[in-house]
Amino acid sequence: MGFSIAVTSGKGGVGKSSICIGLGVALAQAGFQVCLIDMDLGLKNLDVMMGLENRVFYDLMDVMEQRCSLNKAIIKDKHQQNLSLLPACKTMQTSQFNGDKFIRIVNELKNQFDYILMDTPAGIESGFLHAMHCADRMIVVTTLDVTALQDADRIIGLLMKENADKIQLIVNRCNPRYIEKGISVRLEEALNWLSIELLGIVYDEEMIVKGHNKGTPYVMDESSLTHECFKQIVATFLGEPIQIPKYRTKGFLQKFFMT
Ligand SMILES: Nc1ncnc2c1ncn2[C@@H]1O[C@H](COP(=O)(O)OP(=O)(O)O)[C@@H](O)[C@H]1O
Ligand SMILES: [Mg+2]
């Protein structure tokens, strides 16, 4: 029986979709069968970020409305054979979202996959909140910006009303230079503020943006710090003690050849 994880945030643009892809790739590399569900209608959808947009024929709404079978709508990733995607419906209104039907879809996916990762919209509305309750685990994503932390605090409060023990935190876009200069909040301060368990961090890395623009997620580069961060997050998720990978920047030559 599969395990479902909802990835959410208070503020938009903090990296939910990037975290979903990173976690999905790292879990798939660890040998698990993984399906991502795109529920977010942000600027960029998972299909584009994963380079799968030309392979989308059916989406989540088609499955919900029984216009196609679940298996017809699921697309296999090009690079990672254990990774699949159920794409978002680009025209879906939040009012059309049916929580009960969604939960049935997630339960059906649990028969085929080890992990189901849901990329949810930011600032949850009631239909989504309902759907979120079918998640076995909830991961809140934030950056170290004050506004992102404030919004994360609010969403954690909402989620905690029902499922306090199932929520974990990923801090994205950590930039040690910004922390040093006092532009970003320090990690310890953020953890004191939100007071939920930390699953791990991902450093700010411009290659992540480039990778998504090219449709080849940077986490797949096994020599990258991003890969190390997600591998560590998966290890912590699977029960190992938390470890924060040491920050390192690329040398000039390495940067030159990678761009
Ligand atoms: N760790 C990171 N380092 C640098 N850029 C990042 C990182 N995580 C996300 N981004 C970039 O930030 C933007 C927003 O990320 P995205 O995952 O789409 O956020 P959300 O799904 O929360 O709206 C994208 O351009 C993405 O490539
Ligand atoms: Mg998104």
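The values are calculated or read from the model by the stated rules, or taken from the named source; none is laboratory data. This structure is a prediction, so every number in the text was calculated from the model and none was measured. Note: ideal-geometry Cβ built from the backbone for every residue, glycine included; neighbour counts use all protein chains shown.
Listing for the model above:
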item: Matching residues, segment 180-235, being surrounded by fewer than 15 Cβ atoms within 10 Å (Cβ to Cβ), over 16 Å from Val146 (Cα atoms) and of a type outside the set (S, T, N, Q); result: Glu197, Glu206, Val209, Lys210, Lys214, Asp221, Glu222
item: So Met39, is it more than 16 Å from ligand 2 (Cβ to nearest atom) and either at pLDDT 95 or above or farther than 20 Å from Ile208 by Cα (or both); result: no
item: Restricting segment 82-104 to residues that are over 15 Å from Asp40 (Cα atoms) and in contact with a helix residue (DSSP H, G or I) (Cβ under 6 Å, 6 or more places away or on another chain), the residue that is modelled with the lowest pLDDT; result: Lys101
item: Out of Ile179, Ile155, Ile208, sole residue that is hydrophobic (A, V, I, L, M, F, W, C) and touching a strand residue (DSSP E or B) at 6+ places or on another chain (Cβ under 7 Å); result: Ile155
item: Residue among Val7, Val48, Val14, Val25 that alone is in contact with a Ser or Thr (Cβ under 6 Å, 6 or more places away or on another chain), touching a residue at least 60 places away in the same chain (Cβ under 8 Å), at negative phi and surrounded by 16 or more Cβ atoms within 10 Å (Cβ to Cβ); result: Val14
item: Test: Ile201 is at pLDDT 95 or above, hydrophobic (A, V, I, L, M, F, W, C) and in contact with a Cys (Cβ under 8 Å, 6 or more places away or on another chain); result: yes
item: Matching option when the condition is within 20 Å of Ala122 (Cα to Cα) and near ligand 1 (Cβ under 10 Å from one of its atoms), among Ile37, Ile5, Ile19; result: Ile19
item: Unique match (being closer than 15 Å to Phe3 by Cα and either out of contact with any Cys (no Cβ under 8 Å at 6 or more places or on another chain) or touching a residue at least 24 places away in the same chain (Cβ under 8 Å) (or both)) among Leu117, Leu60; result: Leu117
item: Residues of segment 129-156 classified as part of a loop (DSSP other than H, G, I, E, B), within 22 Å of Phe3 (Cα to Cα) and of a type in the set (A, V, I, L, M), total; result: 1
item: Filtered residues of segment 111-121 (kept if surrounded by 18 or more Cβ atoms within 10 Å (Cβ to Cβ), of a type outside the set (Val, Ile, Thr) and away from ligand 2 (no atom under 16 Å from the Cβ)); result: Phe113, Tyr115
item: Filter result (more than 16 Å from ligand 1 (Cβ to nearest atom), assigned to a loop (DSSP other than H, G, I, E, B) and touching a helix residue (DSSP H, G or I) at 6+ places or on another chain (Cβ under 7 Å)) within segment 40-75; result: Val56, Tyr58, Asp59, Cys68
item: Of all residues in segment 173-193 being within 15 Å of Lys246 (Cα to Cα) and not in a helix (DSSP H, G or I), the one that is nearest to ligand 1 (Cβ to nearest atom); result: Arg173
